[in-house]
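Heads up, the thing below is written out as structure tokens.
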Amino acid sequence: MALNNQQIATFLKLVALVDQDKLDCDDCCSLIPEFVETESQPWTFTELTESVRTHLENCSCCSDECNNVREAVQEIQNAFT
């Protein structure tokens with residue numbers, strides 16, 4: 001079965017995304033609390049932060065987990081204000 005031009009372009013785009021995403025889901029989830037903490041500090045930037053951000057852009061499961069952590073942190077902050 002031959003691929004059409006659109007299918008080839010989509011495949012190449014997905015391959016490029018995989019190369020950029022250096023974390024697997026387990027690694028990403030273990031880093032989410034640190035990532036959420038550093039999000040509030042715009043001057044804090046590391047390669048690790050960028051790796052988590054890239055993974056979250058490409059993985060809806062980890063993105064959902066990150067949003068859950070953000071919400072929990074917000075609720076804790078609200079409880080003390």
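In this structure, Q7 and V69 have a Cβ-Cβ separation that, at R0 = 35 Å, corresponds to a calculated FRET efficiency of about 0.45. Here L12 sits with roughly 110 square angstrom of accessible surface, probe radius 1.4 Å.
The values are calculated or read from the model by the stated rules, or taken from the named source; none is laboratory data. Just so we're clear, the structure is a prediction, and the values are computed from it rather than from any experiment. Positions of Cβ are generated from backbone atoms using ideal geometry, with glycine treated the same way; all protein chains shown enter the neighbour counts. When the accessible area is computed, the model is the full protein with side chains, heavy atoms only, and any ligands, DNA or RNA have been set aside. Shrake-Rupley method; radii C 1.70, N 1.55, O 1.52, S 1.80 Å.
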